[in-house]
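Have a look at the structure below before the remarks.
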Amino acid sequence: MAAHKPVEWVQAVINRFDEQLPIKVGHQNTHSKVSTEHNKECLINISKYKFSLVISGLTSILKNVNNMVSGLILTQPKDCLRLDETMLVKQLLPEICHFIHTYREGNQHAAELRASASAVLFSLSCNNFNAVFSRIATRLQELTVCSEDNVDVHDIELMQYINVDCSKLKKLLQETALKFRALKKPAQLTVINSLEKAFWNWVENYPDEFTMLYQRPQADMAEAAEKLFDLVDSFAESAKRKAAVWPLQIILLVLCPEITHTISKDTVEDSKANKKQFLDNMRKALAGQGGNKQLMESAAVACVKLCKASTYINWEDHSTIFLLVQSIVMDLKAMLFNPAKPFFRGTGSQNADVELMTDCFVSCFRINPHNNQHFKVCLASSSPSTFHFVLVNSLHRIITNSHLDWWPKIDTVYCYSAELRFMFSDTKSRVIQAAGAHPPVRITPSLTFIGKKTPSLKSKDKATDLDTNKCLLLALVKLIHADPKLLLHNPVVRQTPETQSSTAELIIGLVQLVPLNSTTQLSQEAMEALLVLHQPEAIELWNPDAPMETFWDIR
């Protein structure tokens, strides 16, 4: 059948895949999940020879579910090299964009759908950038002549999801600089937000290109970035608008190494005066001068992004950017890591605040791993639970994302293993004690954190406290999984019985989490951590002076 009727055969596999989607069958058991995965593998293999047929069939499925509350999770294409661009524009791209734009809130799968659709778009844009760029540029052009205030800006947002290298980012900057002044305010704000995210897509996927920018500055990149900086600066007439644009403005300055060096001098030419003034205003706002809360918060965001960008630059390549970082980093840490007055931008912002603090923590570690005052603040048992969560997530990121040669490694903080073990033991005890008194609490894979807004505010909702502690405990277990030595490490002067006792307490604590039925994810992660701890190289760390004796005693 496959040899003589390929179309019918491909369609049969696609139909079987369609019939087994969660939206059709509801909750999947183990057998149905295995069958679905098998069908995915079949489609991927078939696509090597009949790619157009597979894409057409999957696109039809997307069209059918676009009008439903979908439980479909998209699968990223493995091979986009032969995808006809016309077909991409006419068939697949609109359907993928629909999933990104439509499923925002109110659907239990909204975040997962958007993330999956974004991953598909990112993959497609790797080899079909012009098709996606054309959609963005066309919408920008349409909006330059649109007189309505309420406009559809979804296609402009696509630039934050696509794969961009240096030349593609330059193309985006040049295109938006040409159209920015003619756009209405909603479209301008969308451009500002989306371009900043496109920059981080570039830096995180092509860090060598960004590093090279500071070894060999590109005049055309700097020209486009400076032009857009001036346009955005003119747009920022009020304090509210300044707060909206400062994070992008600092990124645009980072793209101009020579300008950044020029404005570090006492006097600058008129065309660069607004850049110097911007930096001065940002420093003053960060230090609390002026009393405008919006500007102070925006200054914090912009300065974290400056610190983060600087970690992708070799210190030997550009000293000016690091002098700029050193001039703001103390005020920045004082604002973000103050237990007496935690950073809080308002209701609904807590996850973004945690992410901002995590970025700051990781960046400060990469800039100077031995300046650890904020580390001690986050470790303190008296600090808010948010600080503990930021610390653990930051350590996990340092372990799992350390691909640049000059980034310090996690062994710099092995000396804090005892404090981290105490945090694990304390949090585990509170979760186990409280788990029996509350219904199961589901922890999402994204580790959405529900902490206390202020350290003085004692929550009366014990279920919320349990949820908070479970999030922190799950993060700690993931940390053990990522690097067992971080929690197994003991100082050389420590006696063998003490070392064995601390290891036993850690392992027994993980074992206690395995039977917790209230949180499947926590139980699963505990099992994974135990498996890692039982690897031969990890067993040797249980007690370096007597590894086998300790192993059998604990077992």
Per-residue SASA entry for MET423, accessible area with 1.4 Å probe, Å² rounded to 10:
10
Under 1.5 on a/c is rounded, so check that first for the range 275-434, then, if it is not, pick prolate when a/b is larger than b/c and oblate when it is not; a ≥ b ≥ c are the square roots of the alpha carbon gyration tensor eigenvalues.
oblate
In order through the range 112-128: 3J(HN,Hα) via Karplus (6.51 cos²θ - 1.76 cosθ + 1.60), integer Hz, x for Gly, Pro
5, 4, 5, 5, 5, 5, 5, 5, 5, 4, 4, 5, 4, 6, 4, 10, 9
Which FRET efficiency, nearest 0.05, do ALA546 and CYS42 yield, Cβ-Cβ r, R0 45 Å?
0.30
Residue-wise, which Karplus ³J(HN,Hα) couplings in Hz belong to the range 198-214, taking 6.51 cos²θ - 1.76 cosθ + 1.60, θ = phi - 60°, and x for glycine or proline?
5, 4, 5, 4, 5, 4, 6, 9, 9, x, 5, 5, 5, 4, 5, 4, 8
Cα point-scatterer Debye curve for the range 117-222, base-10 log of I(q)/I(0) at q = 0.12, 0.22 Å⁻¹
-0.40, -1.18
Could you provide, to the nearest whole Å², the per residue accessible area of the range 117-219 with probe 1.4 Å?
41
Could you derive backbone 3J(HN,Hα) for the range 258-272 from the dihedral phi with the Karplus parameters 6.51, -1.76 and 1.60 (θ = phi - 60°), listing whole Hz in sequence and x where the residue is Gly or Pro?
5, 5, 4, 5, 5, 7, 7, 7, 5, 10, 9, 6, 4, 5, 10
I want to verify the translational diffusion coefficient of the range 476-555 in µm²/s; compute it with Stokes-Einstein, Rh as the Kirkwood radius over Cα pairs, at 10 °C and 1.306 mPa s.
124
Low-density loop chymotrypsin sites (Phe, Trp or Tyr not before Pro), the range 221-313, at most 11 other Cβ within 10 Å, DSSP non-H/G/I/E/B, are none
Based on alpha-carbon atoms only, what is the radius of gyration of the range 238-318 relative to the globular estimate 2.2 N^0.38 Å?
1.10
Using heavy-atom solvent-accessible surface (probe 1.4 Å) with all chains present, what is the largest-first order of ASP220, ASP411, ASP266?
ASP266, ASP411, ASP220
A student applying the Cα gyration tensor rule (rounded when a/c is under 1.5; otherwise prolate if a/b is larger than b/c, oblate if not) would label the range 150-301 oblate
Could you give the length gained by full extension between VAL7 and SER52, i.e. 0.36 nm per residue of separation minus their alpha carbon distance, to one decimal place?
15.1 nm
Provide the packing ranking of 146-157, 365-376, 386-397, 166-177, i.e. peptides ordered by the mean count of other C-beta atoms within 10 Å per residue, highest first.
386-397, 166-177, 365-376, 146-157
Under the 0.36 nm per residue contour assumption, what length would be gained going from the current alpha-carbon distance of TRP406 and HIS370 to full extension?
11.5 nm
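The values are calculated or read from the model by the stated rules, or taken from the named source; none is laboratory data. All figures in this text were calculated on a predicted structure; none of them were measured in a lab. Positions of Cβ are generated from backbone atoms using ideal geometry, with glycine treated the same way; all protein chains shown enter the neighbour counts. Accessible surface is based on the protein model in full, side chains and every heavy atom, while ligands, DNA and RNA are left aside. Shrake-Rupley method; radii C 1.70, N 1.55, O 1.52, S 1.80 Å.
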